[in-house]
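One structure is given below, encoded as structure tokens.
The values are calculated or read from the model by the stated rules, or taken from the named source; none is laboratory data. Since the structure is predicted, the reported quantities are computational estimates derived from the model, not experimental observations. Because the Cβ atoms are built from the backbone with ideal geometry, glycine has one as well, and the counts that use them run over all protein chains shown.
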Amino acid sequence: MQSKNTICLWFDGTAEEAARFYAETFPDSAVGAIFRAPADYPSGKQGDVLTVEFTVMGIPCLGLNGGPIFKHSEAFSFQVATDTQEETDRLWHAIIQHGGQASECGWCKDKWGLSWQITPRALTTAMADPDRAAAKRVFEAMMTMGKIDIAAIEAARRG
């Protein structure tokens, strides 16, 4: 990795599995170097995968197999801007159907506990509508959704 800033994500022995899923699911994503522990450590043995370099949509990440001590929370999430309902559906369902969990307002959680916001650009554009009544209708519609429905957002914007 050449970036000066890399997101380090803590896993409990599943960093390589997660990195491979992200690389298969999201565009501009790949698995890079995999480093194995040169000696035993508190949550693993010599030869276990210690870190995995990967990118998620061009963002450099490092998966660290640090053990069960720390868990992911909604305090960190990847926000993915989608251009179509098909793209929104594909990414949302890929996460949910691979052991993830649906939430509200475009949020979902993958099987490793990382949070994702699958956010159509149509939603962010409509929320910024200078017509504040239209933006309010969009916001209220979004608040009733799990996965974002672009047609419903556009209908709410029109009133």
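Identify, from the list Lys71, Lys109, the residue that is basic (Lys, Arg) and closer than 30 Å to Ala39 by Cβ.
The match here is Lys71.
Would you check if Gly32 is of a type outside the set (Ser, Thr, Tyr), surrounded by 14 or more Cβ atoms within 10 Å (Cβ to Cβ) and more than 22 Å from the chain's Cα centre (by Cα)?
Answer is no for this residue.
Kindly establish whether Glu53 is under 18 Å from Phe78 (Cα atoms) and without any contact (Cβ under 8 Å) to a residue 12 or more places away in the chain.
no
How many residues are in a strand (DSSP E or B), among the charged types (D, E, K, R) and in contact with a Lys or Arg (Cβ under 9 Å, 6 or more places away or on another chain) if we restrict to the stretch 67-121?
0
Could we say that Gly106 is on the phi > 0 side of the Ramachandran plot, crowded, with 19+ Cβ neighbours inside 10 Å and modelled with pLDDT of 95 or more here?
Values: on the phi > 0 side of the Ramachandran plot: yes; crowded, with 19+ Cβ neighbours inside 10 Å: yes; modelled with pLDDT of 95 or more: yes.
Here the answer is yes, as Gly106 does meet what is asked.
Can you find a residue in the stretch 114-132 that is in contact (Cβ under 8 Å) with a residue 60 or more places away in the chain and closer than 17 Å to Gln79 by Cα?
yes
Which of the numbered conditions does Ala75 fail, given that it passes all the others? Conditions: (1) of a type in the set (A, V, I, L, M, F, W, C); (2) without any contact (Cβ under 8 Å) to a residue 24 or more places away in the chain; (3) in contact with a strand residue (DSSP E or B) (Cβ under 8 Å, 6 or more places away or on another chain).
The single condition Ala75 does not satisfy is (3).
List the pairs whose first member sits in the stretch 83-94 and is surrounded by fewer than 14 Cβ atoms within 10 Å (Cβ to Cβ), whose second member is of a type in the set (D, E, K, R), and whose Cβ atoms are under 9 Å apart, counting only residues at least 6 apart or on separate chains?
Sorted first by the residue in the stretch 83-94, then by its partner, the pairs are Asp83/Arg121.
Need the failing condition index for Asp48 against (1) in contact with a strand residue (DSSP E or B) (Cβ under 8 Å, 6 or more places away or on another chain); (2) surrounded by 15 or more Cβ atoms within 10 Å (Cβ to Cβ), just the number.
Looking at each condition in turn, Asp48 falls short on (2).
Can you find even one residue in the stretch 7-26 that is in a loop (DSSP other than H, G, I, E, B) and exposed (fewer than 14 other Cβ atoms within 10 Å of the Cβ)?
No, there is no match, as no residue in the stretch 7-26 is in a loop (DSSP other than H, G, I, E, B) and exposed (fewer than 14 other Cβ atoms within 10 Å of the Cβ).
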